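The values are calculated or read from the model by the stated rules, or taken from the named source; none is laboratory data. Note that the structure is a prediction, hence the values are computed from the model and not measured. So basically every Cβ, Gly included, is an ideal-geometry build from the backbone, and we count neighbours across all protein chains shown. Heavy atoms of the whole protein, side chains included, go into the accessibility calculation; ligands, DNA and RNA do not. Shrake-Rupley method; radii C 1.70, N 1.55, O 1.52, S 1.80 Å.
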Amino acid sequence: MFAQQTHIRTRVSRLRESFYENRRPRRNRLPYEAPHHSRQPSLALAFFLHSSAFCRGIGAIRILTQDIPQRLNYFHYYSRMKKHGFLSPHLPVLIANIRKNGACQFAVAEAFNELGMCALRDININPSNLQEVFGDSLFGRVLTSFQSAVILCERGLLSDAATLIRSAAETAIILTAVVRDEEVCNTLTLGIMHQERTLALSWLHESPVNMVLSKEDVATLENRIAVIDRDYPVVKNLEDAPIRLDVLAETYGSSALYNIVRRISAVNAVHATLGALRRQANDDSALAVQGFKFGPDEEDLPATLSDALSVMSSALVSIYHRFPEVEHQDDFEKCQAAWRSLSI
C-alpha cells in the first residue's frame, strides 16, 4: 500500500508540474541543427538504387543457438544474448546481422528518413497560423516514431515496432486532416482540453488518488478545470473526445492508412490478441502453443518496415502540401519507386 501511495504521489507531482508549466513557443529550427551547408539530402537512396541486385542476392545469416540449458529449451535466443536479452552488450552483432539480412528495406527507410529530416529542418512556420503550428508538431512526432520503429526493427523487436507504427499512423491521419482543413485544428484543441479536463477530474474523484492529494494539489486541479471551463465552455458538455480517427481518415483520404496499418497492427501487435501473443509462442498448429519464445524476430521485417514507410510517405505528402518550399519532388519519387521495387 505504501509503495502504491508513493507511486501515486510521484504521478501527482508530475501532473502538477505539467499544469504549472509555462509553455514556450517552439523554435522554427531544431536546437541541435548543425551548420546548414546544403538542404539537399545526401541520398542513402543512391546506395539502394546501385546495389539492389546485390541486396536481392544476400542470403539469410543465422547465429546458431548452442548449449542452451534444458530449462530454456523453448527460448529462442541468439547464443550471446542468454543472460541479458535485448540489453546484451553483444547487441551490435545482432543489429549488424539483421541489417544485413534486410539491407534493401533499411536502405529505403534511411532514404525516407533523410527526406523527413530535410523537411523538418527547412519548415519555417508562422506562429499565428494554427495549421502550420499543429502540422509542424505532428510531422515531428511522426518522424520521431518512424525513427524509433526502425531502431526497434534492427533489433528484431517487431511487435514493439508495430506498436510505434500504429501510433505514428494515428498521428499521420490527424496531420493529413490538419493541413487540409483549418477547422480540424479547433477540433484537435477541444480534444486536448477534453482529455486534460477528464484526467484532472479523475485525479480528484478516484479515492486511491485523492487520498494522497495535498490541498495545493486539489487547488491546482480545480483551478485548471475552471480555466478550461472558462476558455472552452463546450468541453464541459462533451461526453466523448471530439477526435474520431475513422471519420478523419474517411473524410480526408487516409482510409488505407487507417484500415491497413493502424487496425492490423492493433490486432497483431498492440493488443493482447491471439495474433499478438503468437509472436511470443512456438506452435505447430493453429491454436496449440508449444512453448514460450523470447528473442529477435525477423520473419515479418519487410512487412513491418513497409508499414512504417507507408506512414512516413503519407506524412511527407501532407507536409509538402502545406509547405511546398520544403519539397524534394525528384528524390521523393525515387524513394517511392525504390519502395515499390521491394514488392512487399
Rolling a 1.4 angstrom probe over the protein chains, ignoring ligands and nucleic acids, what is the accessible area of Tyr258 in square angstrom, nearest 10?
40 Å²
Rounded to whole Å and ordered largest first, report the semi-axes of the equivalent ellipsoid of region 112-189 derived from its Cα gyration tensor (root of 5λ).
26, 15, 7
So, over other residues within a Cβ distance under 10 Å of Ile225, counting Lys, Arg +1 and Asp, Glu -1, the net charge is +1
Taking the alpha-carbon distance from Lys236 and a cut-off under 25 Å, which lysines remain once sequence neighbours fewer than 8 residues away in the same chain are dropped?
Lys215
